[in-house]
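The values are calculated or read from the model by the stated rules, or taken from the named source; none is laboratory data. Remember, it's a predicted structure, so these values are computed and weren't measured experimentally. Because the Cβ atoms are built from the backbone with ideal geometry, glycine has one as well, and the counts that use them run over all protein chains shown.
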Amino acid sequence: MIALWVVLGLVALLLLWGVVSYNRFVAQRNAIRDAFANIDTELRRRYDLIPNLVETVRGYAGHERATLEAVTNARAAAVAAGGSPAEQAAAEGPLVAALRQLMAVAENYPQLRANESFVALQGELATTEDRIQNVRRVYNDQVRAYNERVQSVPSNIIASMFGFREEQFFEIAEALRPEVERAPQVDFGTQPPGGAASQPGQAQPGETPPPA
């Protein structure tokens, strides 16, 4: 009789452990879904900023057609991706590269960099980049903890029994942040190295000469 109670006790403990482990998997998976939804929200915020940014740059550098089109096309591809985290992250790579190129182009247009709308858009873009990286780290930390449980003994038994599979990380380039921080810096009073300061009305590099 004692042996029977011991066996029943062990069975009860195993069932309790199984229920607790299962519920923890469910909670972790839901947290991952919520974290990815936060990533999607911040990505959408960036998508919404890009058209205004492109139009502002076009007003000063309309002949930079290839760069402007690259940003527009990369944005469209990223918006349309909407698949797994890995697929979405893959679509973000070209968009970040295109935006980085756009910011590099802006360096050649002092009047553009001094434009209030452009500076404001860059500030919003920089803030959005910070938010994207923050929610991305939260998401990846949750995925890492979840995947470790899926792989580890004995929780992998519950994972296998109930179909809990490893989740994908979300990895995108982080190189855009320095670009959006650097571009607003402009000083019209600085004398160019090795030459005299430009005179009023003299065209700057990358600018269209003023009308006579």
Pairs returned, first residue in the stretch 1-14 that is touching a residue at least 40 places away in the same chain (Cβ under 8 Å) and closer than 16 Å to P154 by Cβ, second residue that is among the hydroxyl-bearing types (S, T, Y) and not in a helix (DSSP H, G or I), beta-carbon separation under 8 angstrom, 6 or more apart or interchain, are none
The one condition S84 fails out of (1) more than 15 Å from the chain's Cα centre (by Cα); (2) at pLDDT below 95; (3) not β-branched (V, I, T) is (1)
In the set N108, N73, the lone residue that is assigned to a loop (DSSP other than H, G, I, E, B) and either touching a residue at least 40 places away in the same chain (Cβ under 8 Å) or of a type outside the set (S, T, Y) (or both) is N108
In the set V96, V119, the lone residue that is assigned to a helix (DSSP H, G or I), more than 26 Å from E166 (Cβ to Cβ) and not hydroxyl-bearing (S, T, Y) is V119
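Out of the stretch 76-93, which residues are assigned to a helix (DSSP H, G or I) and touching a residue at least 12 places away in the same chain (Cβ under 8 Å)?
Across the stretch 76-93, the qualifying residues are A77, A78, V79, P85, A86, Q88, A89, A91, E92, G93.
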Among the residues that make up the stretch 128-138, is at least one of them touching a residue at least 60 places away in the same chain (Cβ under 8 Å), more than 30 Å from G59 (Cβ to Cβ) and not basic (K, R)?
yes
